[in-house]
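*Asks:* I'd like to ask some things about the structure below.
The values are calculated or read from the model by the stated rules, or taken from the named source; none is laboratory data. This is a predicted model, so every value here is computed, not measured. Cβ placement follows ideal geometry from the backbone for every residue including glycine, while neighbour counts extend to all protein chains displayed.
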Amino acid sequence: MSPPWQAAMQAVIHHPLFGVGITLAVYQLALAAYERTRWVFLQPVLVSMTVLIGVLLAAGLSYQEYRDSTFLLSVLLGPTTVALAVPLFLNLKRIRQLFWPTLITLLLAGLLATVLGVALAWAFGAERMMLMTLAPKSVTSPIAMLVAEQIGGVAALAAVFVLITGVLGAICGPELLRGIGVRHPAAQGMALGITAHAVGTARALQEGEESGAFAALAMSLMGVLTAVLLPLAVALIA
Amino acid sequence: MLLRGLTWLVLFQLLGTALNVLFLSMLPGPIIGMLLLFAFLLLRGEVGEPLSEAAGGLLRYLPLLLVPPAVGVMVYAEQIVADFWALAGALGLSLLVSLLFAGWLMQKLIDRQARRGEQS
């Protein structure tokens, strides 16, 4: 490469909009790939993440610089988290009939999902930082990331754990649930929403309308409960 | 319309941040903002057109907004490799157990409620 080309290349790579540009482009490609194949493993966030890490390494950009140049996107994460209150409110209106079963299942199963994950990782010898990152794994990503950061974990890792949990749950959840005799669509939806959040909810929607509604409700309630109770619990124990 | 809804969302987020600094240091600002907005919706009993438009628009692009923070994993590659099996085992097992428990419990509770309903 001749010097002027190199200079132009450097100017493009270090432009403050470079991060936003590649993120938008890669995300749309990943989304198209997912919509074309409908393959659960091709979660757009997971695929974009992998491709972007490759691009950054190839271009020799540090994560810090990428982070700074995607400020336009990350600043919107706050208002989007606030916006989660809207689906929560809309879903809450649907459950009048099954109020107590929903509430009891949510509290017990949500507690189990959180405590068991942390306890197992601790028993297998993971570090404290990893434990705190793992704790909010069953919650939708923006909440999990905020909570993980708050209790001393790593937001980026939390986002990945959340995705893996969701994809696993969505892939094998419905089959396993039917296997142990869980037939009611509300019960299937609750199980998917509590443990596998947004990905599980998408899967539950494929199973049916009622199942999807309960999954969405379980996901939003689980998110709010975790956001409020987990930091409190950690503050009390530690 | 969209801008009006967006203004509300940002307003609730900023309110959450203020409360976070003033009283509730254990809850992140956006979470407090979400709880406030939820309480506001409960009081009002409905979601207004501007708010639902802005919320729907933002939530549609939520996965995109999550990409930059997720790329941060590249900084933690070493820690992931060090704890890989512990993490994979904990994620997989706890998911399996809690998923089945949640489904089973909900099914039992629904069945019981149905039986009660028949008796009374």
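*Asks:* List, please: which pairs have Cβ atoms under 6 Å, are six or more places apart or on different chains, and start with a residue in the range A:28-54 that is free of Cβ contacts under 8 Å to residues at least 60 places away in the same chain and end with one that is hydroxyl-bearing (Ser, Thr, Tyr) and assigned to a helix (DSSP H, G or I)?
*Replies:* A:30/A:48; A:42/A:34; A:44/A:34; A:48/A:27
*Asks:* A further question on this structure: Hey, among the residues in the range A:51-70 that are polar (S, T, N, Q) and buried (at least 18 other Cβ atoms within 10 Å of the Cβ), which one's farthest from the other protein chains (Cβ to nearest Cβ)? Please lay out each step first, then the result.
*Replies:* Start the filter on the range A:51-70 by keeping residues that are polar (S, T, N, Q), which leaves A:62, A:64, A:69-70.
From what's left, buried (at least 18 other Cβ atoms within 10 Å of the Cβ): A:69-70.
Numbers: A:69: 9, A:70: 4 Å.
If we take residues in the range A:51-70 being polar (S, T, N, Q) and buried (at least 18 other Cβ atoms within 10 Å of the Cβ), then A:69 is farthest from the other protein chains (Cβ to nearest Cβ).
*Asks:* Can you tell me how many residues within the range B:21-30 are modelled with pLDDT under 85 and more than 17 Å from the chain's Cα centre (by Cα)?
*Replies:* 3
*Asks:* Which of the residues that make up the range A:35-50 are surrounded by fewer than 19 Cβ atoms within 10 Å (Cβ to Cβ) and either more than 10 Å from chain B (Cβ to nearest Cβ) or not in a helix (DSSP H, G or I) (or both)?
*Replies:* A:35, A:36, A:37, A:38, A:39, A:40, A:41, A:42
*Asks:* When you scan the range B:36-120 for helices (runs of 4 or more DSSP H) that lie fully inside it, which ones turn up with 2 or more residues that are under 30 Å from residue A:130 (Cα atoms) and more than 7 Å from chain A (Cβ to nearest Cβ)?
*Replies:* Working: elements: B:49-60, B:62-71, B:77-82, B:84-119.
Those helices (runs of 4 or more DSSP H) span B:77-82, B:84-119.
*Asks:* Can you tell me which of B:104, B:85 is aromatic (Phe, Trp, Tyr), within 21 Å of residue A:170 (Cβ to Cβ) and surrounded by fewer than 24 Cβ atoms within 10 Å (Cβ to Cβ)?
*Replies:* Checking each option against the conditions leaves just B:104.
*Asks:* So in the range A:104-133, with the set limited to residues that are surrounded by 14 or more Cβ atoms within 10 Å (Cβ to Cβ) and not in a helix (DSSP H, G or I), which one is farthest from the other protein chains (Cβ to nearest Cβ)?
*Replies:* Per the criteria, the residue is A:127.
*Asks:* Name the single residue that is surrounded by the most Cβ atoms within 10 Å (Cβ to Cβ) among those in the range A:134-167 being within 7 Å of another protein chain (Cβ to nearest Cβ) and of a type in the set (Gly, Ala, Ser).
*Replies:* Among those that are within 7 Å of another protein chain (Cβ to nearest Cβ) and of a type in the set (Gly, Ala, Ser), it is A:141.
*Asks:* Pull out all pairs, ordered by first then second residue, where Cβ-Cβ is under 9 Å, the residues are six or more apart or on different chains, the first lies in the range B:94-120 and is closer than 11 Å to residue A:194 by Cβ, and the second is surrounded by 14 or more Cβ atoms within 10 Å (Cβ to Cβ) and aromatic (Phe, Trp, Tyr).
*Replies:* Qualifying pairs under 9 Å: B:106/A:214.
*Asks:* I've got another one for you. Residue B:8 is checked against (1) more than 19 Å from residue A:160 (Cβ to Cβ); (2) surrounded by fewer than 19 Cβ atoms within 10 Å (Cβ to Cβ) and fails just one. What number does that condition carry?
*Replies:* So the condition that residue B:8 fails would be (2).
*Asks:* Right, something else. For the range A:202-232, which positions are at the interface with chain B (Cβ under 10 Å from one of its Cβ atoms) and among the small types (Gly, Ala, Ser)?
*Replies:* Across the range A:202-232, the qualifying residues are A:218, A:220, A:223, A:227.
*Asks:* Could you say which residue among A:170, A:186 is in contact with an Asp or Glu (Cβ under 7 Å, 6 or more places away or on another chain) and surrounded by 23 or more Cβ atoms within 10 Å (Cβ to Cβ)?
*Replies:* Within the list A:170, A:186, the selection yields A:186.
*Asks:* Now for a different question. Just name the residue that is surrounded by the most Cβ atoms within 10 Å (Cβ to Cβ) out of those in the range B:12-30 that are part of a loop (DSSP other than H, G, I, E, B) and within 7 Å of another protein chain (Cβ to nearest Cβ).
*Replies:* Among them, the one singled out is B:28.
*Asks:* Would it be correct to say that residue A:225 is buried (at least 22 other Cβ atoms within 10 Å of the Cβ) and under 20 Å from the mean Cα position of the chain (by Cα)?
*Replies:* For residue A:225, the condition - buried (at least 22 other Cβ atoms within 10 Å of the Cβ) and under 20 Å from the mean Cα position of the chain (by Cα) - is not met.
*Asks:* With respect to residue A:181, is the statement that it is surrounded by fewer than 24 Cβ atoms within 10 Å (Cβ to Cβ) and in a loop (DSSP other than H, G, I, E, B) true?
*Replies:* Yes: the conditions hold for residue A:181.
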